[in-house]
Amino acid sequence: MNIIITIPGFTPHGGIRVIIEWANRLSEKHHVTLYSNRPQQAQEQKWIRINQKVVITHSADCLSGSNVLIVTSPHYVHLLTDKRSPEKKFIFLQMLEHLFRPNDMGWQAACWQLYLSIYPMICISQWNIDFLKKLGRTATTHLVGNGVNINDFPIITDSKKKDLKTVLIEGLVTTNPTKDAYNIAAKVGRRLKDEGYTIFSYGILPLGKFAGISNVHLQNPTLEHLNELYEKATVLIKASLLDARSCSPMEAMTKGTVTARASEYADDDLIHGKNCLRCEYNEESLYQITKQLLDDSALRNRLKKECLNHVKKYSWDYWMAKIEDIIENKFELDRLCIISVVYDEPEWRTTQAKLNLTGYPINYVSRNGVGSLAKALNDGFKKYSKPWHDYVWFVTNVDFDPGLPTDLVKKMDETKFAALHPSFDSDHPFCRNNGTREVVESLFVEFTCPIVRTDVFCQEYLDEKMPYWGHDLDWGYRLREKGHQLGIYHGRKVDHIYIRNNQQQHLITEDRKRLRASTDENTRLALIHKYGENWKEKVWPQ
C-alpha cells in the first residue's frame, strides 16, 4: 500500500517519535510518505532515526494515487476533505490537543472537526476515548498503546551506573497548559537537591528561572545522551496536569529506571504499583512517592522487574501488528473478545458451530465438568482479553444467529450500558422477549451470554466464592452501586440448549441439575453472609 502519514514537524518530543516509529515500521511492508509543512527539520534533527525508505515531502500532490491517509494532528484536518485524498482515511490521536491552545478559536475548531469526523480513529489513551464519547463521537475508535524502540533504547537489566542518588526530571519547563503548569516537578527537584540528591533534567527548552535546580540539564539531547541519562537515573520524575502518552517513562524502563508520575489524567501504560508509582497532581504527593522509590529498595526492585517485563512485551513489534490490522480493515473483529465455555454434552456442538460462523476468533475455557463458572470466565478474561478489546462476550450453552455478536457490539456502541444480554427464556420474566427491539434496564444480567464492557469487567470480576446464581446478582449489584446500567436487549433472542431442552439427558446434565438443586441454599447463605439478612432488599429488590 501507498500510505501517507502527516507529521506537524520534527521537533524532539514524544508525539513526533511515535509518528516516526509508525512510519519506519510500516515502511518495511509499504510505501510510506511523511507529509509535513516543515520537511527541512527532518535533516536538522539528531534525536530520531528515520528509515531511508520513508519519503518526506511538503507537497500535497503525494495524496494522488495513495491508498491510505493517516492524519495525526489537527494541523492537517483539511486533508480529510481534500479531493485528492484516498477513500481509506484514519485519525491517530495522541492527545486532546484543543487543551494545548485554549484561547485559539481557529485551533479549537480544527480539533473539533478532527474529533467528530466520520473516519476511524486510533487513540493512545482510554481517558481521551471516554472524553470523545461524551463529546458525541460515534465513529469507530480503537485503543492502541505506546511502544518503545529497544534498538534505540537497548534493555539493560543490571546497570552499574546507578548510584541511587540521581534523579532525572523530564520537562522542567512547560510548553503548554496541560504539562507541569504549576512546576511541581521543579519544586520537588529543589527539595531533593537540598537533601543531597543529584538532579539531572532534559527537555526542548532552556531552564531559565529553573537553572539552579538541575546539576546537569540537556536541551534537545541526542539519542546517546538520552540513554546515558536513563541509565544513570535511579528515579524519573514526570509531572503533568493532563497527558496521554508515556514515551520518556517507557524509555527509562529499558534501563530499569522507575517513574514517579504525577497527573490528574495520564498514560494507560503506566500502572501504579506495578511498573511505577502514580499520584494526583500535587507537589507533596509527588515528593512522597519519589522518596518512597528512592528509599525502599525492595519496592524499587520489584517495580524495576515489571518495567523490564513491560517493555519486553509491549515493544513496537507488539503494537504494530494491531496497527497493521486496523489499516487493513481487520479491526472490527478485534473489538470483541469472545470467551466460550466448553461443555461435555454432545449438543454443545450446536453452540460451537454457530460460533465458528460468526467470523470472530473464539477463545475456549473449561469448567472441568461442573466446576465454577465464575472462575472459568474470570480466568478466561485474564488470559484472552487484550487492550484493544472494547467488549467481551461470554458464551455458554446457547443457540443463536451468527450475526448476534456484531449486533451486540453495535447496540453497546449506541448505549451507555455496562452489559447487555439478549432476551431469552429464563426463570426471570424480564429476560423474556417483549416483542420490541428496545434495550430495557434490568437489575442484573445472567452469565449465559452477556456482552460486557472490558474496562468494566477488569474492575469488577465475578465473585468466585459466590455459588450458582449468586454471582449474577452479586455482580449486578456491585455495578449498580458504581452507577453502571445493565440491560436486556429485546431486539435479539437466544435459546438455551440441552439442560433445558434436550430429550435424551446426558450423564453430566443430570450432575448439573443435582448441583443446581443442592446449591440453592448455599447461595442464599452466601448472599446473607455478604449483604446481611436483608440481602434481597439490596441485591434483588422485587
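Can you pull out the residues in segment 133-164 that are surrounded by fewer than 15 Cβ atoms within 10 Å (Cβ to Cβ), in the same structural domain as residue 115 (by TED's automatic domain parsing) and either closer than 23 Å to residue 269 by Cα or at pLDDT below 90 (or both)?
Once the filter is applied, which keeps residues that are surrounded by fewer than 15 Cβ atoms within 10 Å (Cβ to Cβ), in the same structural domain as residue 115 (by TED's automatic domain parsing) and either closer than 23 Å to residue 269 by Cα or at pLDDT below 90 (or both), segment 133-164 yields 133, 134, 136, 138, 139.
Which number in (1) surrounded by fewer than 16 Cβ atoms within 10 Å (Cβ to Cβ); (2) more than 12 Å from residue 339 (Cα to Cα); (3) out of contact with any helix residue (DSSP H, G or I) (no Cβ under 9 Å at 6 or more places or on another chain) marks the one condition that residue 359 misses?
(3)
Among the residues of segment 491-509, is there at least one that is part of a loop (DSSP other than H, G, I, E, B), modelled with pLDDT of 90 or more and under 24 Å from residue 400 (Cα atoms)?
Checking segment 491-509: at least one residue is part of a loop (DSSP other than H, G, I, E, B), modelled with pLDDT of 90 or more and under 24 Å from residue 400 (Cα atoms).
For segment 61-71, check the following and say yes or no: at least one residue is surrounded by 15 or more Cβ atoms within 10 Å (Cβ to Cβ), on the phi < 0 side of the Ramachandran plot and among the polar types (S, T, N, Q).
Looking for residues that are surrounded by 15 or more Cβ atoms within 10 Å (Cβ to Cβ), on the phi < 0 side of the Ramachandran plot and among the polar types (S, T, N, Q), one finds at least one in segment 61-71, hence yes.
Can residue 452 be described as buried (at least 20 other Cβ atoms within 10 Å of the Cβ), assigned by TED's automatic domain parsing to the domain that holds residue 387, of a type in the set (Val, Ile, Thr) and in contact with a helix residue (DSSP H, G or I) (Cβ under 7 Å, 6 or more places away or on another chain)?
no
Is it the case, given these coordinates, that residue 318 is under 30 Å from residue 467 (Cα atoms) and not hydrophobic (A, V, I, L, M, F, W, C)?
It is false that residue 318 is under 30 Å from residue 467 (Cα atoms) and not hydrophobic (A, V, I, L, M, F, W, C).
Yes/no matrix, rows are residues, columns are (1) within 23 Å of residue 155 (Cβ to Cβ); (2) without any contact (Cβ under 8 Å) to a residue 24 or more places away in the chain:
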residue: 252; (1), (2): yes, no
residue: 262; (1), (2): no, no
residue: 280; (1), (2): no, yes
residue: 286; (1), (2): no, no
residue: 294; (1), (2): yes, no
residue: 304; (1), (2): yes, no
residue: 307; (1), (2): yes, no
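What is the number of the single condition among (1) of a type outside the set (Val, Ile, Thr); (2) in contact (Cβ under 8 Å) with a residue 60 or more places away in the chain; (3) under 24 Å from residue 121 (Cα atoms) that residue 393 does not meet?
It is condition (2) that residue 393 fails.
Condition test on residue 334, is it more than 19 Å from residue 270 (Cα to Cα), under 19 Å from the mean Cα position of the chain (by Cα) and without any contact (Cβ under 8 Å) to a residue 12 or more places away in the chain?
So residue 334 fails the test.
Where residues in segment 464-477 are over 11 Å from residue 445 (Cα atoms) and buried (at least 16 other Cβ atoms within 10 Å of the Cβ), which of them is modelled with the lowest pLDDT?
The selected residue is 468.
The values are calculated or read from the model by the stated rules, or taken from the named source; none is laboratory data. Model, not experiment: these values are computed from the prediction. For neighbour counting, all protein chains shown are included, and Cβ atoms are generated from backbone atoms with ideal geometry for every residue, glycine included.
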